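Chemist: I'd like to ask you about the structure that follows.
Bear in mind that the values in this text are calculations on the coordinates, not laboratory data. What you see is a predicted model; the values in this text were computed from it and never measured. With ideal geometry, Cβ positions are generated from the backbone for all residues, glycine too; neighbour counts draw on all protein chains shown.
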Amino acid sequence: MEKAIQVKGLQKSYKKLHVLKGVDFEVEKGSIFALLGSNGTGKTTIVKILTTLLKQDGGTAAVNGFDVAAKPGNVRQSISLTGQFAAVDEILTGRENIIMIARLRHLANPHQAADDLLKRFSLTEAADRRVSTYSGGMRRRLDIAMSLVGKPQLIFLDEPTTGLDPEGRIEVWKVVKELAGGGTTIFLTTQYLEEAEQLANQIAILHEGKIITNGTLDELKKLFPPVKAEYVEKQPTLEEIFLTIIGKKEEK
Amino acid sequence: MEATKRHFFSDMGVMLGRSMRHIFRSMDTIITVCITPIAMMLLFVYVLGGAIQTGTDNYVNYLLPGILLIAIASGISYTAYRLFMDMKSGIFERFHTMPIARSAALWGHVLTSLISNAISVVIIILVALIMGFRSSAGVLSWLAVAGILALFTLALTWIAAIAGLSAKSVDGAGAFSYPLIFLPFISSAFVPTDSMPPVVHAFAENQPVTSIVDAIRALLSGQPVGNDIWVALAWCSGILIVAYLFAMRAYKRKAA
């Protein structure tokens, strides 16, 4: 399988705070990769390095075969970022937002691209309203729609559902599944374990600056201690797996 | 890299279109920028003007250059505000992860500042005309005035960019403009500097606003401009270059 992302020994410090202490992982093309971790563990730092917003202190990172530090221009051609805060222009309308991005990506027909994406994200009716009147879920949908302009091969979603109500969250999940179905690689960070369980083919857990575990949900479930005799046999949830693994690491 | 350079102007055009829409959809920013200078002009002409001895019979003519500088100094604080909001909202991060020249986003704001301040300046000149402002200046002199004002706007806009890029809060992003608005008061903008005490006089004579005001005043009244215009241009270009370098440094630091 070809790799969409290859990260080796990634290091990053902010002044004295050593956030990433040698992060290694790979993401296969066409998969949904979820990076899990508590707040402040460095998930966003990894996203920023991979999307060329931040330079690492050590180690290497390659996106679609291009080194992020040496060839940021090539990396930017094939990615798009949906950051933690919806990066939409509040004063423009939904349609104008998409057209703006389509122009910046030099598409032949920005208006057509806008029509298509607005329809796909059920924003046609609200298309000509200013974004400042949108609900949180609509804003996030527009945000993701803007990220899809020009059909990038790899999409970064940094905590895409934080602050959304359950309905908005389910909408975003639906979009992510559709995208992956169409062959787009998705790199997702989240602190909601259910989200990773719902969406991801591959899950990595970032803890204290390192990836402490990485695998499919089934592989992660095997790490959980054997089921004890109880009155009701209970499958461990990902949440329990997460807490157990972190607990073990801290005991050492 | 080549592609981002080839598209620099069209990308900047998109950025300019975006922030111009911001201006026209919130005309209050232009109105706010115009109201204070116009109110000051009314106050000085109709209330205080009678007591101010400038040696000219038309005080509106005397006052206008300083009023225009005050309008520009307050107008650029919106550039700082808009830049700050873009940094904060994450839309700059989106632009920076796209294959476009990074400075295109910044230049979009700078050109918008130039255009919106030009609109304010024209509105204030129209009000001044109603209040009795008259000029014997020819086309070339008006072009020279426009050039000086544009250079002054650019210089202050880059100062605004430093503030907008490095501020920690919205209030911080706008606060830097207060001293700039105040500077014309300690200059030849409202009263001749000869009437000031020695220390203030020395400051007033050697700060940029006095030479800019004197140059514009001479151009508008058809007087020989002498050295003032060169001193004014030197001040504006000097501030422009230094502010540009610091703003770019702040921008690169923020945007890796």
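Chemist: Mind pulling the angle between the C-alpha long axis of helix B:77-89 and the longest principal axis of chain B? Nearest 10 degrees, somewhere in 0 to 90.
Modeler: Taking the Cα atoms of chain B, the angle to B:77-89 is about 10 degrees.
Chemist: Further question: Counting other beta carbons within 10 Å of each Cβ, put A:D128, B:D11 in order, fewest first.
Modeler: A:D128, B:D11
Chemist: Where the only charges are on Cβ atoms (+1 Lys, Arg; -1 Asp, Glu), what is the dipole of chain B about its Cα centre, to the nearest 20 debye?
Modeler: My answer is approximately 1100 debye.
Chemist: Which angle between 0 and 90 degrees, to the nearest 10, do you get for helix A:238-251 versus the longest principal axis of chain A when only C-alpha atoms count?
Modeler: Relative to chain A, helix A:238-251 is tipped by roughly 50 degrees.
Chemist: If the cut-off is a Cα-Cα distance under 18 Å, which lysines reach A:K234, setting aside same-chain residues fewer than 8 apart in sequence?
Modeler: A:K221, A:K222
Chemist: Add +1 for every Lys or Arg and -1 for every Asp or Glu among the other residues with Cβ under 14 Å from the Cβ of A:Q6, and state the total.
Modeler: Counting the neighbours of A:Q6, the net charge comes to -1.
Chemist: Please compute the modelled spin-label separation between A:K221 and A:D115, points set 7 Å along Cα→Cβ, answer in nm with one decimal.
Modeler: 4.6 nm
Chemist: So how do B:W107, B:W158 line up by other beta-carbon neighbours within 10 Å, fewest first?
Modeler: Ascending Cβ contact count within 10 Å gives the list B:W107, B:W158.
Chemist: Still on this structure, please answer the following. How would the protein assembly as shown be classified by its alpha-carbon gyration tensor: rounded, prolate or oblate, with rounded meaning a/c under 1.5 and the a/b versus b/c comparison settling the rest?
Modeler: Taking the square roots of the gyration eigenvalues as a ≥ b ≥ c, the protein assembly as shown is prolate.
Chemist: Under the rule a/c < 1.5 gives rounded, and otherwise a/b versus b/c splits prolate from oblate, where does chain B land using the Cα gyration tensor?
Modeler: prolate
Chemist: Please get the size of the charge dipole for segment A:93-246, origin at its Cα centre, with Cβ charges of +1 on Lys and Arg and -1 on Asp and Glu, quoted in debye to the nearest 20. Working shown, then result.
Modeler: Numbers: 19 positive and 22 negative charges, 122 e Å.
Dipole size: approximately 580 debye.
Chemist: Using Cβ counts within 10 Å as a stand-in for footprinting exposure, how do B:F152, B:F84 rank, fewest first? Kindly include the intermediate steps, with their values, before the conclusion.
Modeler: On the way: B:F152 26, B:F84 23.
By the 10 Å Cβ count, ascending, the order reads B:F84, B:F152.
Chemist: Further question: Is the C-alpha gyration tensor of segment A:74-202 telling us rounded, prolate or oblate? Criteria: a/c under 1.5 is rounded; beyond that, a/b larger than b/c is prolate, otherwise oblate. Write out the running numbers ahead of the final one.
Modeler: Values: a/c = 1.84, a/b = 1.24, b/c = 1.48.
Verdict is oblate for segment A:74-202.
Chemist: Which residues does a label at A:E90 reach in segment B:75-105, if reach means a backbone N under 19 Å from a point 7 Å past the Cα toward the Cβ?
Modeler: Label zone hits: B:77-95.
Chemist: What is the antiparallel percent of DSSP beta bridges lying wholly in the protein assembly as shown, to the nearest 5?
Modeler: Numbers: 22 of 40 bridges.
Percent antiparallel among DSSP bridges in the protein assembly as shown is about 55.
Chemist: Separate question: Considering only the other residues whose Cβ falls under 15 Å of the Cβ of A:G59, what net charge follows from Lys and Arg at +1 and Asp and Glu at -1?
Modeler: Around A:G59, the charge tally is +2.
Chemist: Also, I was wondering about something else. B:N227 to B:V170: extension gain in nm, 0.36 nm per residue of separation minus the Cα-Cα distance?
Modeler: Gain on stretching B:N227 to B:V170: 16.5 nm.
Chemist: OK, next. If R0 is 51 Å, what FRET efficiency do you get for B:M27 and A:I212 from their C-beta distance, rounded to 0.05?
Modeler: Values: r = 55 Å, r/R0 = 1.08.
It comes out at approximately 0.40.
Chemist: Something else about it: For chain B, what does the relative contact order come out to in percent, with C-alpha contacts under 8 Å and a separation of six or more?
Modeler: It rounds to 26 percent for chain B.
Chemist: Could I ask something else about it? Given a cut-off of under 8 Å on Cα pairs at least six residues apart, what relative contact order in percent is computed for segment A:94-244?
Modeler: 16 percent
Chemist: Quick check: net charge around A:V23, other residues with Cβ under 12 Å of its Cβ, Lys/Arg +1 and Asp/Glu -1?
Modeler: That sum, taken over residues with Cβ under 12 Å, equals +1.
Chemist: In a Gaussian network model over chain B where Cα atoms closer than 10 Å are linked, find which of B:A160, B:A150, B:A101 has the largest mean-square fluctuation.
Modeler: B:A101
Chemist: Now for a different question. Relative to the first principal axis of the alpha-carbon coordinates of chain A, what is the inclination of helix A:136-148, with its axis defined by its Cα atoms, in degrees from 0 to 90 and to the nearest 10?
Modeler: Tilt of helix A:136-148: around 80 degrees.
Chemist: Mind checking the dipole of the protein assembly as shown: about its Cα centre, +1 per Lys or Arg Cβ, -1 per Asp or Glu Cβ, Debye to the nearest 20?
Modeler: With Lys and Arg at +1 and Asp and Glu at -1, about 860 debye.
Chemist: Mind listing the long-range amide H neighbours of A:G58? Cut-off is under 5 Å, sequence gap 5 or more, other chains count too, H placed in the peptide plane at 1.01 Å from N.
Modeler: The list, which skips near neighbours in sequence, is A:Q11.
Chemist: Expressed as a rounded percentage, what relative contact order does chain A have, with Cα pairs under 8 Å and six or more residues apart?
Modeler: Across chain A, relative contact order equals 25 percent.
Chemist: Non-local amide H neighbours of A:H207 (under 5 Å, H modeled in plane, Pro and chain starts lacking H): which ones?
Modeler: Under 5 Å from the amide H of A:H207 lie the amide H atoms of A:I212, each far enough along the sequence or on another chain.
Chemist: I'd like the GluC sites (Glu not before Pro) in segment A:1-91 restricted to DSSP loop residues with at most 11 other Cβ atoms within 10 Å, sorted by number.
Modeler: A:E2
Chemist: Then there's this: Checking the table A:K174/A:K210; B:K168/B:K252; A:K119/B:K168; A:K12/B:K5 against a 28 Å threshold on Cα-Cα, which pairs fail?
Modeler: With Cα atoms farther than 28 Å apart: A:K174/A:K210; A:K119/B:K168; A:K12/B:K5.
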